[in-house]
């Protein structure tokens, strides 16, 4: 049995039982971060803070929301918005955060792609990150069902229909997912369960995996330089703070991290207080009606690029293209055949590939929002083909890349 | 060695129990997600076909889905007659021809709108079009509007029951 002595202080009492000093070192003061980074490295913390905002606002919404097809709409639009003191605040924080979290995820993703942070031992960081993206997508979709407005209902109808697999006509599977022939009570209650329990549990588990995957390879840096973290941290601890290439996670890195978070929160609450409407589709302020389709069904902005890949093709081809778009990012570490872990700017053709992919996804997003007619239909079709083409080109151009 | 084989046996015994339990619980979980009996039992709708006017689309409800009922006049019927397979999509009750279909686009399930002037259907979601018999005329929908299971009962139509006319349509590949 471990030997305990009379505690000299409260801290010592805890230290003997929970090794809090050691935990603090492992997690904070001796968790090493390279110095050669920029503000884009703060997006992880921005995401953690946004997730916390979603969790807290969600807890308050959960106290008044009713997952019932006859009362759901009013529990949100009347009870929470008009009766509950500050109910509007929780709803707008939740709605805005759900939208902004995807903006930050995309920035976080493209930062990783630009600096090659998915290579040389960092594959699991990338893969767990993409799984988080999938889980957040499921969370966003299931949450979108809950106000039970017209867009909730019809998005639920269209997205669950995707599971029929086009010509496979797996209608039984679709009815099984819905628990009814159409989205109805069973559908609402099970998506409520997914939104408030199962998917958040998965997200929290995946966040743990994502952080864990960082520990051995450590965070990448602006030059993709391979740092000997043992040597550099020894230098730091010996007092050569200026000469060491690394710094402590807390408080060295955290100080700047939280500075970025501060700027972000000002932007975030500006949206919550003055521009919350961008995250609130006007069509969803009509209660769900199974006998009336809205004139134009489109997803929230963060799903538009993949929706636009589905749209210009016939059903089966569209589904295959859509499935391709959903999973292809996961395979990035293996499709990039180049040995270089350096910023895209130093990688020749990959630099063009990176910017082409970014622009293409922005074009797809814009076209996804517009009605599928005339010139927009054509642009969307070309952009969808470009997306697929770029992924086919990736292994070829990275294979040709010279070692830098 | 003796200990090892005992431990191995216990491991396998536990594995067997856990395996049976896992299969059993997966089955229970799958069944719990199935549509409830009450949902399935509420799946019949009876329509009186005398109630409909020519070239006026009426949307009925069956299993929560919209059902298009369109009575064709003789001019519209001439239009449909141009294509034999389209004629087979119509339901004839006491001399009148009706288009009865599930009013959900076969692409992704939006409700197409009827345009009485053009005498066709247009789906606003992705631009699919259907003619007077509900057959597809413009992609992306992969096929014409589906016809719900029906049984003709005098001048009445029972949706949810499979009559001989519906079975014939299914066999001829007119509907799924």
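Is chain B best put as rounded, prolate or oblate by its Cα gyration tensor, with a ≥ b ≥ c the root eigenvalues, rounded for a/c under 1.5, and otherwise prolate when a/b is larger than b/c, oblate when not?
On the way: a/c = 3.49, a/b = 2.65, b/c = 1.32.
Prolate.
Under the definition of partner shielding as Cβ atoms of other protein chains within 10 Å of a residue Cβ, what is the mean value for peptide A:132-140?
Details: counts 0, 0, 0, 0, 0, 0, 0, 0, 0.
For this peptide, the per-residue mean of nearby foreign Cβ atoms is 0.
Which three extents, in angstrom, do the Cα atoms of the protein assembly as shown have along their principal axes, listed largest first?
Principal axes ranked by extent give 99, 65, 58 Å for the Cα atoms.
For chain A, what is the mean residue ellipticity at 222 nm derived from helices alone (per DSSP H run of n ≥ 4: -39500 (n - 2.57); sum divided by total residues; nearest 500 deg cm²/dmol)?
On the way: 16 runs with 234 residues, N = 404.
Per the formula, -19000 deg cm²/dmol.
Any idea how far the Cα center of the range B:133-176 sits from the one of the range A:177-202, in Å?
31
Multiply the residue gap between residue A:285 and residue A:18 by 0.36 nm, knock off their C-alpha separation, and tell me the result in nm, one decimal place.
Numbers: separation 267, 0.36 × 267 = 96.12 nm, distance 5.13 nm.
Length gained, residue A:285 through residue A:18: 91.0 nm.
What average number of partner chain Cβ atoms lie no more than 10 Å from the Cβ of the residues making up A:307-315? Let's see the in-between values first.
Details: counts 0, 0, 0, 3, 6, 2, 2, 5, 10.
Mean partner-chain Cβ count within 10 Å for A:307-315: 3.
Report, to the nearest 10°, how far helix A:315-327 tilts away from the longest principal axis of the Cα atoms in chain A, using its own Cα long axis and a range of 0 to 90°.
With both axes taken from Cα atoms, the answer is about 20 degrees.
Rounding to the nearest 10 and keeping the result within 0 to 90°, find how far the Cα-based axis of helix B:2-32 lies from the longest principal axis of chain B.
Helix B:2-32 and the main axis of chain B meet at about 20 degrees.
Can you give me the C-alpha center-to-center distance between the range A:262-295 and the range B:50-97, rounded to a whole angstrom?
41
Work out the FRET efficiency for residue A:197 and residue B:53 from their Cβ-Cβ distance, taking R0 = 51 Å, and round it to the nearest 0.05. Intermediate results must be reported in sequence, preceding the final value.
On the way: r = 51 Å, r/R0 = 1.00.
So the FRET efficiency works out to roughly 0.50.
Can you compute the FRET efficiency between residue B:82 and residue A:277 using 1/(1 + (r/R0)^6), with r the Cβ-Cβ distance and R0 = 56 Å? Round to the nearest 0.05. Numbers along the way, then the final one.
Values: r = 50 Å, r/R0 = 0.90.
Working from the Cβ atoms, E equals 0.65.
I want to check the label-to-label distance for residue A:6 and residue A:267. Put each point 7 Å from Cα in the C-beta direction and report it in nm to one decimal.
It works out to 5.7 nm between the two label points.
Rounded, prolate or oblate: which one fits the range A:1-126, using the alpha carbon gyration tensor with axes a ≥ b ≥ c (rounded when a/c is under 1.5, else prolate when a/b beats b/c, else oblate)?
Details: a/c = 3.15, a/b = 1.36, b/c = 2.32.
Here the range A:1-126 falls in the oblate category.
Would the range A:25-297 count as rounded, prolate or oblate if I go by the C-alpha gyration tensor, calling it rounded below 1.5 in a/c and otherwise prolate when a/b exceeds b/c, oblate otherwise?
Working: a/c = 2.83, a/b = 1.90, b/c = 1.49.
Verdict is prolate for the range A:25-297.
Rounded to the nearest 0.05, what FRET efficiency do residue A:402 and residue A:134 give with R0 = 30 Å and r taken as the Cβ-Cβ distance? Could you check?
On the way: r = 35 Å, r/R0 = 1.15.
Approximately 0.30, to the nearest 0.05.
Is there a simple number for the mean count of other chain Cβ atoms within 10 Å of the Cβ of residues in A:177-186, and what is it?
Details: counts 1, 4, 6, 7, 9, 7, 1, 4, 2, 5.
Averaged over the peptide's residues, the number is 5.
In nm, what is the difference between 0.36 nm times the number of residues separating residue A:328 and residue A:362 and their Cα-Cα distance? Before the final figure, lay out the partial values.
Working: separation 34, 0.36 × 34 = 12.24 nm, distance 1.74 nm.
Separation in residues times 0.36 nm, less the Cα-Cα distance, equals 10.5 nm.
Values in this text are rule-based calculations from the coordinates and carry no lab data. Worth saying up front: this structure is predicted, and the values here are computed from it rather than measured. Using ideal geometry, Cβ is built from the backbone for each residue, glycine included, and neighbour counts are taken over all protein chains shown.
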